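Since every read-out is calculated from the coordinates, none of them should be taken as a lab result. Keep in mind it's a predicted model, so treat the numbers as computed, not measured. Cβ atoms come from the backbone with ideal geometry, glycine included; neighbour counts cover every protein chain shown.
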Amino acid sequence: MSSIGLDLTNAALISAGATILLGSALIYVLFSSGDEKSTPIKRISSYLSLGGTSNTDEALNDDIDSSPKAHINILYGSQTGTADSFSCQLSTQTPDHGYQSQVLDVSDLNQENIFQKLKTINGDTVQDNNNDPYYVMLLVSTYGEGEPPDTVIDFHKLCLQKSGEKKDDDNPENDLKDLTFFKNMNYCVFGLGNTEYEHYNSMGKFFDEYFQILGGKRLKEIGLGDDGDDIEGDFEKWSDELWGSLEECFMGHAASDVEEENVTNDEVIEGMGGCGSEINQEEKKEEKKETMPPCPYVIQIIQNDNADSITLDNVNVEDAHGVSKHYFSSTDCPISTYNEMITGSAKSSDTSSPAPSTLHMEFDLKGTNVSYQTADNLGIFACNTESVINAIANACNFKLDTYFRVLNAKNKNIVPLFPTPCTIHECLQRYCDVTSPPRRSELKQLSYYCTDPIDAKVLRRLSSKEGKEEYREKILDPHIGLVDIITRLCPSICLPLHRFLQIVPRMQPRYYTISSCPQVVSPNTVSITMSVLRYLRNDSTIFEGLCSNYLNQAGITNSKVRLFNRESTFRLPSDPTKPILMIGPGTGIAPMRALLQERDYQKHTLNLPVGRNILYFGCKHQSYDQLYYDEFNALVTKGLLTKYYNAFSRDQQNKVYVQHLLLQNKDETWDCIANGCSIYVCGAIGMGKDVLETLRSIVKEMGNMSADDAKKYLEGMHKEGRFVQELWA
């Protein structure tokens, strides 16, 4: 696939029978032993506010002692929303430890406003009282091969400028260096990464180092979360230890007592979710230690019989955070070309497995504000299927044609989660990720909305530290989505809409590397190359990737697709005479096709001198899945493509991959590297690791270097933008 990241499950295709069996197995495995008596679980449903326009089921925690030990700034920088989610979890824990916190997206911080937004331990702005210390907890993810997420780019640049390592873009003569910029900051950092990638957690490590370089004082050693293993467990361990580290800084401060919260028994609003029941007061007392955090949202129903007269709210898009920004800026575009390049399997003996499919798709950008450069990333928003939408609506008692908007529970301002007013149907279709496996923290939150005590215990067990292996086995590995849990595995769950929006993650875009050059195909046409993800599960049901199957269906039905462009790191060298080395097996060929189109444009349209172009492609069978063969062969004939190497892994007894051909051509490879070439790699992360190791061995041998020097050599190329990788797990 040319998708950057995971193409997650379309959970609607899990058969009901198989899912019910799984639910039974969960209950049997977790509760078949022991004679503990079951007791009814507290049921919280939706509450009709006095104004009659919104609902909430718990009062906001406004009655906390106004004299906390200290104010804390919790910052997050996120690519997919995980750091955002963790920061909110951390914020809900602060009152329990006697602190008060604010959560800030680092994309909202710049040199002019950062000290207006950050608060000192006494609650003043740092700008108004710059002699007092202030406390920062930063949770930040790493994107791709060690890059900052989109929302962190400017903050990352600010730190480099203040350290003196980067000049002012607008005025290079302006010296922004200031090694005391964070002189009163006390900080700790939690990084979110994946050990599968070469530059593991590089952004977390960067900010942990540079906060100190700029005068900050580290409160606690950096925490490193591994999304390839148990990132929630890593976060829980770090946050548990965090409070002890903070306590050392506040010895002598009197502890703040937190008053008991008076939670109102709720009523049900028809069409807005919730099932309704009396709350058992004894159980309410017993469960006081663990309850849902206050909901930051209330739902305002739009009473209007004429849908055509409803107009979208005029909101400041800059107030939207994370993925919500893209909801307001993305555009619906028609599909102009749909070409299934690979269908069926030429040599597969497994007739029960779904046939593989690889697509070339083009989108018409005419009349939109979407523009792109060669080999950028196209962000695609998938839609949930009607079967998924209806299943959720039936389980939660949602009336799908109801229009609503989301308000801040405290000040009743509009919250720009997504464009509103919208119907519940559109909300479930476009903005709620209900098919991805939920995190353990989400399972715990769902347990509060189970009327069946067995359902609640299953979810609490799976969400616990002790149950993380069972969680991996029964939720992650078989790709069990939230829709399955809510509608089938734990059918007693019934969420009111505001809680649904609080718990369920927002729909994330899936990124595909663009396989076209706008100067060649047209600025109004953009193409992608993608595999449709389908495979047979162990229980004989079919797993289908959400976005790739959505795109496949959109191509068949000629539907519009909501998309936007994001810049990538694939850029040709500024000196066109420099050689380029491209390695892109499978759909990793997408950016290489685009780069070659641009090189062809440079040579034959702009009449520029163009250096060598060497391409490595890999697939299983030459006769079956050699993508774009005619195009590349024509470029060879034309004299643009200098060398075109193909590794067909299954066409001979011994498997041959692109890294094997690289090693065979080590003299040519080293000659390119020594002459200042740029290297581009795109594809699966396993391939990327093998290619990297092969390149290191070539540099070591041919350049007469030590292993450490060879590694540093390629790292230097990476920093210069001459070694670019886009890999997916």
Which residues does a label at Glu209 reach in the range 709-729, if reach means a backbone N under 13 Å from a point 7 Å past the Cα toward the Cβ? 716, 719
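With contacts defined as alpha carbon pairs under 8 Å and 6 or more residues apart, what's the relative contact order of the range 71-249 in percent?
Values: 355 pairs, mean separation 35.9, N = 179.
Worked out over the range 71-249, it gives 20 percent.
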Inter-label distance for Gln373 and Glu165, nm, one decimal - labels placed 7 Å from Cα along Cα-to-Cβ: 2.2
On a full-extension model of 0.36 nm per residue, what is the gain between Thr343 and Ile542, subtracting their alpha-carbon distance, rounded to one decimal in nm? 69.9 nm
Using the alpha-carbon centroid of each, what span in Å lies between the range 535-585 and the range 431-480? 30
So, R0 is 41 Å and r is the distance between the beta-carbons of Met702 and Val520; what FRET efficiency does that work out to, to 0.05? 0.75
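Just order 72-80, 192-200, 423-431, 363-371 by mean Cβ neighbour count inside 10 Å, highest at the front, would you? Intermediate results must be reported in sequence, preceding the final value.
Details: 72-80: 24.7, 192-200: 19.1, 423-431: 21.1, 363-371: 15.4.
By packing density, highest mean first, the sequence is 72-80, 423-431, 192-200, 363-371.
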Describe numerically, in nm with one decimal, the distance between label points set 7 Å from Cα along Cα→Cβ at Asp96 and at Asp124. 3.3
Say R0 is 60 Å: what FRET efficiency, to the nearest 0.05, do Lys399 and Val656 get from their beta-carbon distance? 0.55
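Run the numbers on the range 580-728 and let me know its relative contact order in percent, using alpha-carbon pairs under 8 Å that are six or more apart.
On the way: 212 pairs, mean separation 37.8, N = 149.
With pairs under 8 Å counted, the relative contact order is 25 percent.
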Sorted by packing (mean other beta-carbon atoms within 10 Å per residue), highest first, where do 641-652, 580-591, 520-531, 501-512 land? 580-591, 501-512, 520-531, 641-652
Translational diffusion coefficient of the range 71-249 at 20 °C, 1.002 mPa s, Stokes-Einstein with Kirkwood Rh over Cα pairs, in µm²/s as a whole number. 131
Which lysines, if any, have their Cα less than 18 Å from the Cα of Lys444, not counting same-chain residues under 8 positions apart? Lys42, Lys237, Lys284, Lys288, Lys289, Lys457, Lys465, Lys468, Lys474
Distance check, please: which entries in Lys157/Lys217; Lys177/Lys712; Lys689/Lys712; Lys117/Lys183 exceed 18 angstrom between their Cα atoms? Lys157/Lys217; Lys177/Lys712
Computed over the range 580-728, Cα set: Rg, Dmax in Å: 15.2, 46
In nanometres, what is the gap between the two model label sites at Glu469 and Ala634, each 7 Å from Cα along Cα-to-Cβ? 5.7
Once the Cα gyration tensor of the range 318-420 is found, what semi-axes does its equivalent ellipsoid get, as square roots of 5 times the eigenvalues, in whole Å, sorted largest first? 36, 24, 12
Dividing the mean separation of Cα pairs under 8 Å (6+ apart) by the residue count of the range 79-154 yields a relative contact order in percent of 32
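Based on Cβ point charges of +1 for Lys and Arg and -1 for Asp and Glu, what charge dipole magnitude is obtained for the range 580-728 about its Cα centre, in debye rounded to the nearest 20? Present the calculation step by step, with values, prior to reporting the outcome.
Details: 17 positive and 17 negative charges, 4 e Å.
Roughly 20 debye, rounded to the nearest 20.
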